[in-house]
Each structure stands twice: as C-alpha cells, then as structure tokens.
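The values are calculated or read from the model by the stated rules, or taken from the named source; none is laboratory data. Predicted model, so just to flag it, every value in this text is computed and none were measured. Note that we place each Cβ from the backbone using ideal geometry, even for glycine, and neighbour counts take in every protein chain shown. The protein model used for the area step is the full one, side chains on, heavy atoms only, and it has no ligands, DNA or RNA in it. Shrake-Rupley method; radii C 1.70, N 1.55, O 1.52, S 1.80 Å.
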Amino acid sequence: MQRLYDFLRRHPTWVDGFWALVLFGISVVGGTVQQENTGTDLPWLVVPVTLLLCLVVALRRRMPEKMLVLAAVVGVAQLVLDVATTAADFALLLIVYTVAAVGARWASRFALAGGLCAAPLAQIRWPEYESSVAGNIAVAVFQTVPFALAWVLGDSIRTRRAYFAQLEERAARLEKEREAQSKVAVAAERARIARELHDVVAHNVSVMVVQADGAAYVLDAAPDQAKKALETISSTGRQALAEMRRLLGVLRTGEHQESGEYVPQPDVEQIEDLVEQCRGAGLPVDFRIEGTPRPLPSGVELTAYRIVQEALTNTRKHGGPNAGASVRLVYFDDGLGLLVEDDGKGAPHELYEEGGADGRGHGLIGMRERVGMVGGTLDAGPRPGGGFRISALLPLKPAH
C-alpha cells in the first residue's frame, strides 16, 4: 500500500486522468438514462462540453490557471448554447478548489467569483418551473455553498502549505547560520592559537639566541658551560621546530600586534595559580597532580592551560549556584592527561560550544582545535547525574 501511495503521489496527473475517465463514464451513462426517460435526444454539444470538462479534471494540477479559464469558457458556452448541466459540471467544483490551493492569486479570486456566480446563473437559465421564486432562490443558495466551501478548503490548504514552507525555510536558514557561526568561531580560534604559538616559537628562538651568545662568550674560558649552552640550544631548537610545524598548520587571520617584546605563554605550572584564582572567585576546585611532573613541549603546556581555563570558566558561567569542580593532571610515559569535572546543574551542550573563557574563546570548538593542533584527543559531555566532564589526552611527541 505504501508503494502504491508513493506512486500516486509521484504521478498526480495519472490520478486526475483516471478520475476524468470515471467522470466521463458517469456523464455518458447519466445522459443515456436521461434520454431514455425523457424520450428526447440530447443536444450534440453535450459530448464536446463533457470532454472539455473532463479535460479540466485531468490537467487541473498541471496547469490550473489555464484549466480555470477553459472551465469558465465552457460554463459560459453552456449558458449561451442552452446545454443543460450534467455530471461533468462537477469539474467546476474541482477547479475552484485546485486554483484556490495551488493557483495564482488572481486565479484564486477569479475562481471564487465564478463559483459564487455559477449556481445563480444556472438557476436563472434553467429555473424550476414547478417551484416558486423563493424556492429557486433557495436552490441557488444551496448550490452555491459547495463552491464556497471548496474555495475555503483550497485556500486553507494553501495557507497551511505556506506556513510549513516558511518553517522549513526558517529551519534551513538557522542551520546555515549555525554552520557559518561555527566556521567563524573555528577561524577565530585558529587565529588566536596561531598568535599564541607564534609567541611560543619567538620565545624559544630568543632563548636560542641568548644561549648562543653566552656559549660564544665562554667558549674558551669555560668549555663545560659552552657545552651546556649548546645542548640547551639543540633541545630548544627541536622544540621550536615542532611548534613551527603546528603553527604552519593553522590558518592565520589578521596581523599580530607586536609590543616589541614576546612574552612566554602560560604553562602547566600556572594551572595551580589559575585554580587559586577560581577559588578566590567562589568556585571550589579540587586540584591534583598524578604521576611524575617533567618538562613538556611548550605547545602541550599552553594547550593544557587553555583547556583548564576554558573548562573552569564554563563551570562558573553555566554550572549554576553551589557548583564545584575538580582538575586532574596525569603524567603518562607518552602523554599528559587532563580531566576537568563539575557537579553543577549542567548547561546545554550548545552553550559549551558557543561560550568561551573570558569571552575570548569558543568553548568546545576552541578546545577541539587546540587539542587537534598537538595531535591529541578530546572527550566532552554531560556526566551521569548532572554536571559536565572534559577529558583530554595530549601526546608529548607531535603527530607526523
């Protein structure tokens, strides 16, 4: 049945053509019965009039305005040529409904006017001689009601379709706007990450220059110090190259605002200061470090700090009153693990996507971008029983 229904929906003209044949058959049978009962021959114009009205039914959805004009011409011809109404005149009712539902506005108004005039004109042209004037008027009014109802039904369907089309268009527009906002947020966050990585690389290069100058100065007098300086230059250079690879993978927008001196970006050691700031602002935070702390690449330290900053800011903004948080740093052999949880009411996922630390970041969008830049993984979502959890794993070696 569903396949049949889908087929009929895809081929409305075939359906209308079938009903047109049915209407033609009813008209022919009705005319034959009338001829046998009255003993009179029907006018020869009945056949072409019936065919044209059946054509109106068959093509009413493919070309509603043209079929309305054809129906009006056939109706006027019936009045002028004295071709009495038959079952085929039901096509006038169908075309009024169709035009009101899918036709142009002018055609809908014309159909309403024609439908309201059809029954009175027919009653005037072929009155009931055995009935009084009041009876003829009552019959005309009674026959006008179906035309009015057909137009009202068609117009209401038009309004309903327009309403649903507007809802669909609005939903599509909102979806496009959301995608555009997401792309803008990603671009802005990448620009911010690029500027920070730019400062990290510049700071590492500055360290290399200072160490190189010191090594050159003590090369003859203190070879051991010069050797240590060269080792520092080597390790710092490798780290700078790793950060440069990440920097080249970021689409940078806008110009970096130079202040004449590059300042190192936050690192893992400053997370404890960040936690103390949140505690001072009224947010209880449980902070723990597991494993053996050791030096990390600057990009990994910056990413870890920003994730904790973003997560705690979201807790303060969306966690609700009496919310608490916990921060865990876990040092693994090959990476750094982060776990930030809160027990607040839990804001909708969209707020974490859109919100940002101090109004500058972009919530989970920024976190994903940062973690992706260092080749890590991020898992974020509501906790069972309320609250929000953010878990990240940052590798110590950059992904190639």
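For LYS227, a cut-off of 26 angstrom between C-alpha atoms picks up these lysines, skipping any fewer than 8 places away in its own chain: LYS397. Peptide packing: for 18-29, 275-286, 107-118, the average count of neighbouring Cβ atoms within 10 Å per residue gives the ranking 107-118, 18-29, 275-286, highest mean first. The Cα center of the stretch 120-136 and the Cα center of the stretch 267-319 differ in position by 92 Å. Residues TYR5, TYR97 ordered from highest to lowest accessible area at a 1.4 Å probe: TYR5, TYR97. For the stretch 67-114, the gyration tensor built on C-alpha atoms gives a prolate shape. Its axis ratio a/c (a ≥ b ≥ c) is at least 1.5, and a/b is the larger of a/b and b/c. Listed by chain and number, the lysines placed with their C-alpha closer than 16 angstrom to that of LYS345 are LYS317; residues fewer than eight positions away on the same chain are left out. Taking other residues whose beta carbon is less than 12 angstrom from the beta carbon of LYS176, and scoring Lys, Arg as +1 and Asp, Glu as -1, yields 0. Coupling constants for the stretch 175-181 follow from the phi torsions by the Karplus curve (6.51 cos²θ - 1.76 cosθ + 1.60, θ = phi - 60°), and in residue order they are 5, 5, 5, 5, 5, 5, 5 Hz; glycine and proline get x. Take the stretch 277-323 with all the other protein chains still there, run a 1.4 Å probe, and you get 46 Å² of accessible area per residue. Taking θ as phi - 60° and the Karplus parameters 6.51, -1.76 and 1.60, the scalar couplings of the stretch 126-138 work out to 10, x, 7, 5, 7, 10, 6, 4, 4, x, 4, 5, 5 Hz in sequence order, x denoting glycine and proline.
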